[in-house]
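One structure is given below, encoded as structure tokens.
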Amino acid sequence: MTAELISVGTELLLGNIVNTNAAFLARECAGLGLSVYYQTTVGDNPQRLEAAVRQALSRSDVVILSGGLGPTQDDLTKEITASVFGSALKEDAHTRERIQAYFDARGTKEIAENNWKQAVVPEGALVLDNENGTAPGLILEKDGKTAVLLPGPPGELIPMFRKAVYPYLHRKQPEIIVSEMVKLCGIGESRAEQMITDLIEKQSNPTIATYAKTGEVHLRVTARAADREAAELLIKPVLKELGARFGEFIYTMEEKVTLEEAVASLLKEQGLTVTTVESCTGGLLAGRLVNVAGVSEVFKQGFVTYSNKAKRKLVGVKKATLREVGAVSERTAREMARGAVLATGADAAVSVTGIAGPDGGTEEKPVGLVYIGVAVRGQTWVQECHFTGNRARIREASVAAALTLLRKGILETAEN
């Protein structure tokens with residue numbers, strides 16, 4: 001069964017409001033096993049809104065509209081959808097009572113007349129009580145087509161969808177979709193896909209999809225079944241096979257776990273503390289780690305050694321090194337990492353030095369050249385990286401590479 005989303009509101013078109021409703025509804029539809037092929041945003045214009053509704057109903061089984069159910073004159077979603085379905089409008093006594101109770105609970109003595117517009121509903125519609133506002137939700141059905149109308153404020157839309165719409169749609173679409181995520185680092189998307197080409201070519205249910213993220217590859221395994229338990233049984237052997245193929249490239253199989261969270265957890269497991277020393281990333285690496293709750297147990301200190309003087313003074317990079325090979329070099333990255341360990345007494349350190357651009361590159365050392373250094377338990381690794389893109393992208397890629405190399409160093413020196 002197919003579903004389509006229509007977000008109503010000129011403020012959305014103008015970018016005054018971020019459309020978080022569409023993202024939420026798309027995820028929920030995917031979980032219900034509904035295929036969403038189109039999303040539309042339309043302003044508060046009756047002609048364009050009617051055209052959008054008619055087009056959506058012509059190609060989708062379920063159309064979910066959000067916004068435009070309020071009391072003002074430009075709130076026209078209900079009126080336009082009712083007209084398309086050929087339904088007359090009438091006042092719903094139950095909804096009027098709820099609106100009255102809503103204002104009574106807030107001590108409102110004089111209710112603006114236009115609020116009663118929200119108590120008028122299409123004949124034959126299923127009315128969904130709004131427990132967080134005044135505009136009810138609505139479900140209209142005709143000739144095998146369904147329109148679901150939801151209020152625009154997320155604080156009203158989300159609980160209404162979860163309580164009333166999700167069960168309704170689940171009854172219409174008894175099959176559900178369950179997904180699990182496998183997150184990789186230290187491997188490129190092309191190589192990762194090549195390693196599972198045979199699985200992808202013969203897949204039916206479950207399916208595997210690859211997604212590239214800066215410095216990472218995510219594999220989403222999705223199964224369709226009558227219930228979650230059955231779907232998880234289909235997914236389990238695929239996850240086991242992916243685990244066997246990718247091994248230590250997998251940093252987590254939990255969708256909500258980030259790379260920095262995985263690295264922080266690994267540091268805690270191994271009883272290690274870490275220090276960062278950064279040049280071109282300017283504290284971005286330390287910031288990623290500090291985003292992790294509880295990281296104070298393992299994060300010792302962060303240095304931003306942007307100048308050569310700071311590299312010498314704070315972490316002991318040798319003058320001769322900077323003179324002979326420069327700040328952007330394997331030797332400097334190595335000395336930065338080792339020096340940070342000595343300066344703070346941490347068990348591990350990770351260094352970043354490079355050219356983020358857009359200026360400063362040469363033929364010998366172009367923009368995007370970055371060296372990552374990691375020192376863990378007396379062992380040191382340095383990785384030469386060549387990144388592309390703008391300054392922000394190079395810095396973000398450098399941080400991901402630094403976290404990946406730090407993770408590798410921890411694993412290679414792990415105590416048995």
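Below, the figures for the structure above:
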read-out	value
Check on Thr404, assigned to a helix (DSSP H, G or I) and either among the β-branched types (Val, Ile, Thr) or under 19 Å from Val217 (Cα atoms) (or both)	yes
Enumeration of residues in region 1-32 that are assigned to a loop (DSSP other than H, G, I, E, B), over 24 Å from Glu175 (Cα atoms) and of a type in the set (A, V, I, L, M, F, W, C)	Leu14, Ile17, Val18
Which numbered condition Glu260 misses (of (1) surrounded by 18 or more Cβ atoms within 10 Å (Cβ to Cβ); (2) farther than 30 Å from Glu297 by Cβ; (3) of a type outside the set (S, T, N, Q))	(2)
Count of residues meeting criterion [free of Cβ contacts under 8 Å to residues at least 24 places away in the same chain, surrounded by 15 or more Cβ atoms within 10 Å (Cβ to Cβ) and under 19 Å from the mean Cα position of the chain (by Cα)] in region 23-55	1
All positions within region 48-100 that are over 16 Å from Val148 (Cβ atoms) and among the β-branched types (Val, Ile, Thr)	Thr72, Thr95, Ile99
Hits in region 214-238 (condition: hydrophobic (A, V, I, L, M, F, W, C) and over 15 Å from Ala192 (Cβ atoms))	Ala223, Ala225, Ala226, Ala230, Ala231, Leu233, Leu234, Ile235
Single residue of region 180-209 satisfying the filter (closer than 19 Å to Lys256 by Cβ and in contact with a helix residue (DSSP H, G or I) (Cβ under 8 Å, 6 or more places away or on another chain)) that is surrounded by the fewest Cβ atoms within 10 Å (Cβ to Cβ)	Glu180
Unmet requirement for Leu150, which otherwise passes all of (1) assigned by TED's automatic domain parsing to the domain that holds Glu131; (2) surrounded by fewer than 19 Cβ atoms within 10 Å (Cβ to Cβ)	(2)
Test: residue in region 143-154 that is of a type in the set (D, E, K, R), free of Cβ contacts under 8 Å to residues at least 60 places away in the same chain and assigned to a helix (DSSP H, G or I)	no
Test: residue in region 104-118 that is in contact with a helix residue (DSSP H, G or I) (Cβ under 9 Å, 6 or more places away or on another chain), touching a residue at least 12 places away in the same chain (Cβ under 8 Å), more than 19 Å from Leu5 (Cα to Cα) and aromatic (Phe, Trp, Tyr)	yes
Close pairs from region 169-182: first closer than 29 Å to Leu242 by Cβ, partner of a type in the set (Lys, Arg), Cβ under 6 Å, at least 6 apart	Glu175/Arg224; Ile177/Arg224; Val178/Arg228; Ser179/Arg220; Met181/Arg220
Selected residue (criterion: surrounded by the fewest Cβ atoms within 10 Å (Cβ to Cβ)) from residues of region 396-411 that are more than 21 Å from Leu342 (Cβ to Cβ) and more than 23 Å from the chain's Cα centre (by Cα)	Leu411
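The values are calculated or read from the model by the stated rules, or taken from the named source; none is laboratory data. Predicted, not measured: the structure shown is a model, and the values here were computed from it. FYI the Cβ positions are ideal-geometry reconstructions off the backbone, even for glycines, and counts take in every protein chain you see.
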